[in-house]
1. When you look at residue 185, is it among the small types (Gly, Ala, Ser), open to solvent by less than 40 Å² (accessible area, probe 1.4 Å), in contact with a Leu (Cβ under 7 Å, 6 or more places away or on another chain) and closer than 20 Å to residue 254 by Cβ, yes or no?
2. What is the one condition in (1) of a type in the set (Phe, Trp, Tyr); (2) farther than 30 Å from residue 311 by Cα; (3) at pLDDT 95 or above that residue 181 does not satisfy?
3. If I filter segment 270-280 for residues that are among the basic types (Lys, Arg), free of Cβ contacts under 8 Å to residues at least 60 places away in the same chain, under 30 Å from residue 195 (Cβ atoms) and touching a helix residue (DSSP H, G or I) at 6+ places or on another chain (Cβ under 6 Å), do I get at least one hit?
4. Looking at 89, 105, which is the one that is under 16 Å from residue 21 (Cα atoms), touching a Leu at 6+ places or on another chain (Cβ under 9 Å) and of a type in the set (A, V, I, L, M, F, W, C)?
5. Is it the case that segment 202-221 has a residue that's assigned to a loop (DSSP other than H, G, I, E, B) and within 15 Å of the chain's Cα centre (by Cα)?
6. Residue check, residue 232 against (1) at pLDDT below 95; (2) under 25 Å from residue 352 (Cβ atoms); (3) of a type outside the set (Lys, Arg), all met but one. Which one?
7. Return the residues of segment 288-318 that are outside any loop (DSSP other than H, G, I, E, B), farther than 22 Å from residue 175 by Cα and open to solvent by 60 Å² or more (accessible area, probe 1.4 Å); say none if nothing qualifies.
8. Please count how many residues of segment 136-149 are open to solvent by 50 Å² or more (accessible area, probe 1.4 Å) and within 17 Å of the chain's Cα centre (by Cα).
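The values are calculated or read from the model by the stated rules, or taken from the named source; none is laboratory data. These numbers were taken from a predicted model, which means no experiment stands behind them. Here the Cβ positions follow ideal geometry from the backbone for every residue, glycine too, while neighbour counts run over all protein chains shown. The area values use the complete protein model at the heavy-atom level, side chains included, leaving out ligands, DNA and RNA. Shrake-Rupley method; radii C 1.70, N 1.55, O 1.52, S 1.80 Å.
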Amino acid sequence: MNRFVTAERALRTAAPHELFDAVRGVLAKEYAARSVELYLADYGLTVLQPVSVAPHAAEPVPVHGSAAGRAFGAQEPFVEVPPEGPARVHLPVTVRGDRLGVLSVTLPDGDAEPGRLDELADIAEVLGHEIVVAERDTDVYLQARRKDRLTLAAEMQWQLLPGRACSRPEYELGAQLEPAYAIYGDNFDWSATADHLMLYVTNGMGEGIEASLLTNLAINALRNARRAGIAIDDQAALADQAVYAHYQGRCYLSVLMFDFELATGRAKVVDAGSPQLLRLRDGSVERVAFEAQLPLGMFEETDYVAQEFQVEPGDRLVFVSDGVHAVASPKGEAYGDAALARAITSTRLLPAAEVPRAILRELTGHRGRSVPDDDALVVCLDWHGR
């Protein structure tokens, strides 16, 4: 325990850009680690990018089919024991369900007993929290996440997001956007209190910077209203006014908004546009339809009415933008409800954080090409209840 306290103190007192050096130094001194590597998941969730100092930079590691990727996917420490040489421990670096990456530590021979693994896993968790805080003051970790250059629109959109996953005893959330390095206007946002979870799924309009600017305006208008303690239907009305005041109806934004009551699973819903919801309950997938209302900013002073919705423990809710539901195959066939239902059923055993990426991989097969013509957004919510 004293070693853990030493490691925690070293991370908390390190300069924001020196967290990797701090954890590497303390693991070498206190745990006799022979080598330490920190990998962060790239924006597309395809590879784990090394956070290293040249000329000793490690190579990227694939998320699928690697020892580090196994720890990342399972969210449990994985001990890699080669035929010759010391054991290598891969530890997930995660903050409240948001999977950031993996810390890989090479230990002395035979030194991977459970007690030591628990301490190392705790250190990896502390490292994750410190990375999140450090990103306010340094670009080191944001730069490490990208295997390609982001477009300016994508940079703006990723900075607007709350994270890619979140978990609490009542629920688990996971989300992913494609194409990760050139996204336009699709977006998601969530915020939780002791008693409520608010979740927004938006389907953007337009392309490039204009699409990103529209989404930024709408999301920040919704956040401004939410943080003022305003009900979800009035949040939609105020955001609608903000978008209309700027664009005068030339541009607008579709959004599906939920306010879940954590104790009961009751929710208030505003459906203002095209994002769609499918529910997996007791092994059966069905589309959940709400009363469609006007997108935000289409007309001046639109009134929005919240509808009632009930979610039950064990439900899986999957939200998709039209870049998923309406995408066409080379033969012109839309992906649609049937294909989505099959994808949701085939991924039913995966945790919520992995479901969006898995569905998007299946969507790529349907589309027949790797680069989509439109944003594709998938959000997965597993409801456990209290």
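1. On the way: among the small types (Gly, Ala, Ser): yes; open to solvent by less than 40 Å² (accessible area, probe 1.4 Å): yes; in contact with a Leu (Cβ under 7 Å, 6 or more places away or on another chain): yes; closer than 20 Å to residue 254 by Cβ: yes.
Yes; evaluated as a whole, the condition is true for this residue.
2. (3)
3. no
4. Criteria check complete, one pass: 105.
5. Checked against the condition, which is being assigned to a loop (DSSP other than H, G, I, E, B) and within 15 Å of the chain's Cα centre (by Cα), segment 202-221 yields no hits at all.
6. In the conditions (1) at pLDDT below 95; (2) under 25 Å from residue 352 (Cβ atoms); (3) of a type outside the set (Lys, Arg), residue 232 misses (1) alone.
7. Passing the criteria: only 308.
8. 1
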